[in-house]
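Worksheet: one structure, shown below.
The values are calculated or read from the model by the stated rules, or taken from the named source; none is laboratory data. Computed from a predicted model, the values in this text were never measured in an experiment. Note that each Cβ is placed from the backbone with ideal geometry, even for glycine, and that neighbours are counted across all protein chains shown.
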Amino acid sequence: MTATADVATFLTERFPLVAGRPSLDYPAFNAPAAQVLEVLRGLRDEAGYDLLADVTAIDWSAAKSPRFTVVWHLFSTVGHQYVRLAADCADDAHPSMPSATGLWPGANWHEREAYDMFGLTFAGHPDLRRILMWDGYPYFPLRKDFPLAGLDTALPDLAVADETGVSVKPAPYMGGPFVAAPGSTIEAGEPRAKDQSWSEGQEKPKET
């Protein structure tokens, strides 16, 4: 089967617990969390959706349960079609989902971002840590209870703040463009600014 075939027929016949999900754009489906890796593997290996385009999450608010839903967007590089798969996290207090890094290594950074922004954990992830905020940051900025104006938070690293937590230097990575070493591993290839001199105690050169 290829992605040009009816993905709804494939999923309902192959995975009876998968159900259609309302959508205004791509075919979308709900799957049980316990079966989500099996469904993702089937979409990749049997239905032709070979590219993991995105992993994100939804916080429906603390007033609803289940509160969190994880969403995967897959793309077929042959059929040129997208499909959306969603699964609810069973535990509102400690939302978790199986990691898709065993199927797509590129899920690594997507899942780290969902962890960083929503506080979701991904069981089996090889290196689940924050990717945008610093270690020890106490909030999850994309949760519904995080204010749009943000929350004042002291910077804990003396490289960018003094002993009171007041920022005294530019934020890390200011001064791009940002580059990654070609051929490096995901773990070692995080982008860095071309000009790092200002982050080493020197004044950042002025642009000409």
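Provide a single number: the residues in the range 112-129 that are exposed (fewer than 15 other Cβ atoms within 10 Å of the Cβ) and in a loop (DSSP other than H, G, I, E, B). Talk me through it step by step, then tell me what you get.
Just the residues of the range 112-129 that are exposed (fewer than 15 other Cβ atoms within 10 Å of the Cβ), to begin with: 123-124, 126-127, 129.
With in a loop (DSSP other than H, G, I, E, B) added as a condition, the list becomes 124, 126-127, 129.
Count: 4.
What are the residues in the range 42-68 that are free of Cβ contacts under 8 Å to residues at least 40 places away in the same chain and either assigned to a loop (DSSP other than H, G, I, E, B) or under 13 Å from the mean Cα position of the chain (by Cα) (or both), if any?
Within the range 42-68, D50, A53, I58, A63, K64, S65, P66, R67 meet the criteria.
Could you go through the range 10-29 and let me know if any residue there is in a helix (DSSP H, G or I) and of a type in the set (S, T, Y).
Yes: one or more hits.
Name the one entry in D88, D45, D59 that is modelled with pLDDT of 95 or more and over 22 Å from L128 (Cα atoms).
D45
Take V71 and tell me if it is assigned to a helix (DSSP H, G or I) and under 22 Å from R143 (Cβ atoms).
Criteria not met by V71.
If P105 passes every condition in (1) in contact with a Ser or Thr (Cβ under 7 Å, 6 or more places away or on another chain); (2) part of a loop (DSSP other than H, G, I, E, B); (3) touching a residue at least 40 places away in the same chain (Cβ under 8 Å) but one, which one does it miss?
So P105 meets the others, but not (1).
Got a number for residues in the range 37-61 being farther than 19 Å from T9 by Cβ, aliphatic (A, V, I, L, M) and crowded, with 20+ Cβ neighbours inside 10 Å?
Residues that pass the stated criteria total 3.
Filter the range 78-102 down to the residues that are part of a strand (DSSP E or B) and farther than 12 Å from V36 by Cβ, then identify the one that is nearest to the chain's Cα centre (by Cα).
So in the range 78-102, the residues part of a strand (DSSP E or B) come out as 82-88, 96-98.
Imposing the further condition that a residue be farther than 12 Å from V36 by Cβ reduces the set to 82-84.
On the way: Y82: 18, V83: 17, R84: 15 Å.
Of everything passing the filter in the range 78-102, R84 is nearest to the chain's Cα centre (by Cα).
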